[in-house]
Structures are given as structure tokens and as C-alpha cells.
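Engineer: Below you'll find the structure I mean.
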Amino acid sequence: MRIESYFRINSRYLWSYSPFSILNSQLSNEASNVQSSTLNSQLRTKHLFLLLAVLLASCASPAKLRMERISKPIGEGNYEAAIENIEKNKKKLYNSEDALLLEFDMGVLLHYNQDYKESIKHFARAEEILDDLYTRSVSNEAAALLTNDNVRPYRSYPFEIQWLHKIQILNFLALGEIDGAVVQSRRALLAIQALREQEKKFNESGALQYLIALSFEWQNSEDDARIAYDNAKKHFETSYTPKLVAQIPQNEQEIIVVGYAGLSPVLGENKFWGTYAPDGVLYLNYRDANGKNQTTVLVALGLGGPGFSGQTMTIQFAIPKMVERPSQASAFLVSVNGDAKLTEPVSNIKSSMQKDLENGESTMLLRTAGRVIMRTIAASKAKNLMQTGNPYVDLVLNLGTDFGTGAMEQADLRLGSAMPLTLQLIRIPVEPGRHSLKIDVLDQWGRKTGSFAEKAVNVKKGEKVFIFAPALR
């Protein structure tokens, strides 16, 4: 059993900006001014439509449909088809609240498709949307308290923001635009600082710091490169530390292979059920990863709103949980002039996603439970005002209201749809000239599951040539 506490001020803030506080106040006032025995049909109709408006405000997320539509072409390496699918079906695959996701997914897919300039444009728009969202007051998104988190503009998880900057830096490096890569690296450092300030817990990416260091290294900014490499080492120490970060590279020219291997996890629903007691204690049950029932207790005073002292309330809701997918690609065997070497994983989305979900779980539980409780209280008061005196009609109204109130609470399953399980990297020092390059895709047991066409790579003196190998299957 896990027990956690929250200050009363959190729930007061949640209530005071909730549309349910307005609805609750209106219902209470009219209940005191109008005797139920004389409630006319006009007033009942008014409240019926008010409640229906609340219940129908929920907007289902197309997250699952989006994943289904583009997973197949991505798995086949047909990124152009995935891009065309999104462009033709934007309105079906993305809601208006998913503007950030649309730009993010397009940026990733265009990068895989080697259209680096267009990828840069989409990621730049994604950054603009992020900047706008983080300057917008959360109180302006009060509609989410009427329904569920799917109606809020998608703000992304911290690991996704860091992935955006990783791939954007790689876009500039792929084009050989060193100054652009350095500018983007400095933007990434600002984004990291913002995440430190905004998030209670934040897992910084060693891989992002490594790419920042690589950009500074190529620009011959030795001090900045050294600082970034040191930061990369520090943040890799919390998990797997790749051998390539053990020392600062001194390669005058090199071939750098960046691989994207496997299928990233997706989000599913983690269902909770339990009670909220008048003394402000939430008793919640759920099933863990092994299917065993677990209980968590949250001390959350005041979730029912000011003056709430009602009876114990039964609630149920769902929040996101990570769902892994089996992968056929785990690493890459890179051969340069017949000399074969394995790539190293420098970033793992499974680990990053799990940490972000764990860091935000308590806050999400409190927000979601509070929303369900306030909605249930408001719906109960509305039901009392809508009684017609006809037992059959009242039964239908009551059942419909209960069903609608419970059905609204859907977990927010939105997530970037085209991310790999791991980011792989290898740096191979070479002499200036023409080199033969071959890349094989390996599964977790080291068996070959695919390959990229062998190609010749020309490397000029002092040049770093980036080769990308996406294998999202």
C-alpha cells in the first residue's frame, strides 16, 4: 500500500478554476429558490440541456486510429506513404488540440525520409507551439475539468521535448550546417532549463547532451564541447553509460551512423476504482504490471469543493500507462571497408517514458480523481432538479446521467506516433576519401533481420558524414 499527502490549497485551486464550481453554484442557488414540487418543465429542460452539454463535451482522442494508420508503412520503411497518409487525413488523425503532435510526427517522419529541410520547418513550428502553451495559463484550459485531459492542448512529455531537440540537431548536422546545429543546441539547453523549472522531477537526457557536445566539437568550441560531454557522462550514469562517452573524441574526419531501432511503447489505460471519504481520503485500487490488485491511499482534502461534507463516494477512472511492443530491430552492425562494428544504444524511450509517467503519476491521480468527484457532485445536484415525478422517466434520466458521467473519464493516450525504441550511435574515424559502407539490422539475439543497401561514402578532410538508419519494426 502506498500513502501520499497533498495540501488543501491544491484542491482549492482545482475547484476554484473548475466550470463545475459555476455549475454547482448555479444548481445550489436554483434548488434553494425553487421548490421541487413546483419545478416547471422549462426549468427541468434547461438543466437537462445544461447537463447534456457537459456530458457531450467530451472529445475522444484519435490516438489509437493514428497509430494504426501509420504503423504499417513505418514498419515497412515507407515513410513517404506515412507522410502522405497524415497529410490526407489530418482531421481524422489529429484533433485541433493535437497541433503539437501533428508537427512533431511530421518532423520525425520527414527526418526518416531524409527530407531534413522540411523536417526542420515542422520541428520549428512544434517549438513555437510549445512556447505558446507554456506561456498560457492553465486556468484557460478549464474545459478539461468538465470532461477529460483529451480536450486540453497536448503539451507533450519531457522526454518527447528532448527528442524533438535531438532530431532537430541531427537535421542540421545531416545538412552539414554546423552553425544551425549550434544554435539549435543552445535552444535545447534553454529547453532543458525550462523543464528543470517547470517539472517537479525531471530526467535529463544524456543523449541530448552528447549531441549538443558533438555540435560544439564540430564548431571547434572546445570549452562548450567539454562541458556538454561532462554533462552527458553525468546523465548517462543514471542508467546505461555508452562506451563512446568515456572520452572526448579527437577524430579529424569520421563517419557517424545514427540508427533508430525497434518500436517505442504506446500508452494504454490503467484503471483505478475506489472511494472518496468525507474526511478527504482517497482509497484507490488498481492492477499492477503483474495483474495483482494493489491499493494506494491519497490524503487529498477538499476535492469535493468548499463546504463539501457529503457521504462516501464511489469513483472510477483511468490514467495512462506504458504498454510495450515487441521489436525485431535492436541494434545495427556497421561495416566500413569490411571492418564491422556494433552500434551502441544512447537513448531508450521505454526507460524515459516510464520515468516521466512515474514522476507525474501522483499529480495526475489527484487531478483526475478531483475531476471525477466534482463532476459527480454537480451531476447529482442536476439530477435532483430534473426529477419529473414520473418514475420511469426519472430512472432513464438518472441512469443516463450516471453512465455519461462515468464514460467521460478517458485516459489521455496521446503520444508521438513515430518514435523508435532506441537511438543507436557509432562514430568511425576514417581517412579522407571514398569508403564502402554496409549496415545490417540485428534483433536482440544478434540475428540479422534486415539490411540497408551497400553504398559508397565520400569523406572530405575534416568532415563528419552522418548516415541515418531507421528500422522501426
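Engineer: Mind ordering 192-202, 360-370 by average Cβ neighbours within 10 Å, highest first?
Structural biologist: Peptide ranking by packing, descending: 360-370, 192-202.
Engineer: Still on this structure: Report the label-to-label distance for Lys448 and Ser436 in nanometres (one decimal), using points 7 Å from each Cα along the Cα→Cβ vector.
Structural biologist: 1.4
Engineer: Within straight cross-link reach of Lys321, meaning Cα distance under 13 Å, which aspartates and glutamates are found once same-chain residues fewer than 8 apart are removed?
Structural biologist: Cα-Cα hits under 13 Å: Glu269, Asp288, Asp356, Glu358, Glu361, Asp412.
Engineer: Please give the length that would be gained between Arg186 and Lys271 if that part of the chain were fully extended, namely 0.36 nm times their separation in residues minus their C-alpha to C-alpha distance (nm, one decimal).
Structural biologist: 26.5 nm
Engineer: Moving on. Just report the Cα centroid separation between segment 112-132 and segment 428-473, whole Å.
Structural biologist: For segment 112-132 versus segment 428-473, the Cα centre distance is 25 Å.
Engineer: Let me know the charge dipole size of segment 76-224 about its Cα centre in debye, to the nearest 20, where only the beta-carbon of Lys, Arg (+1) and Asp, Glu (-1) is charged.
Structural biologist: With Lys and Arg at +1 and Asp and Glu at -1, about 500 debye.
Engineer: Moving on. Starting with the highest mean, order 458-466, 321-329 by the number of other Cβ atoms within 10 Å, averaged over the residues of each peptide.
Structural biologist: Ranking, from highest mean packing down: 321-329, 458-466.
Engineer: Taking the Cα-to-Cβ direction at Gln198 and at Glu361 and moving 7 Å from each Cα, how far apart do the two end points lie in nm?
Structural biologist: About 2.3 nm, to one decimal.
Engineer: Can I ask one more? Label-point separation (nm) for Asp230 and Lys64, each offset 7 Å from Cα along Cα-to-Cβ?
Structural biologist: Computed distance between label sites Asp230 and Lys64 equals 5.0 nm.
Engineer: Given the Cα-Cα distance of Lys117 and Ser335 and 0.36 nm per residue of separation, how much length would full extension add, in nm?
Structural biologist: Difference between extended and current length: 75.7 nm.
Engineer: Figure the gain on full extension for Asp179 and Lys460 (residue separation times 0.36 nm, minus the Cα-Cα span) and round it to one decimal in nm.
Structural biologist: That pair, Asp179 and Lys460, stretches by 99.3 nm at full extension.
Engineer: Using R₀ = 30 Å, calculate the FRET efficiency as 1/(1 + (r/R₀)^6) where r is the Cβ-Cβ separation of Glu324 and Leu244; round to 0.05.
Structural biologist: Once the sixth-power term is evaluated, E becomes 0.70.
Engineer: Quick one: which of 101-111, 263-273, 210-220 comes out on top by average Cβ neighbours within 10 Å, and what's the full order, highest first?
Structural biologist: Taking the mean over residues of other Cβ atoms within 10 Å, the ranking is 101-111, 210-220, 263-273.
Rule-based calculations on the coordinates, nothing more; no lab input. Not measured: the values here are computed from a predicted model. Cβ: placed from backbone, ideal geometry, glycine included. Neighbour counts: every protein chain shown.
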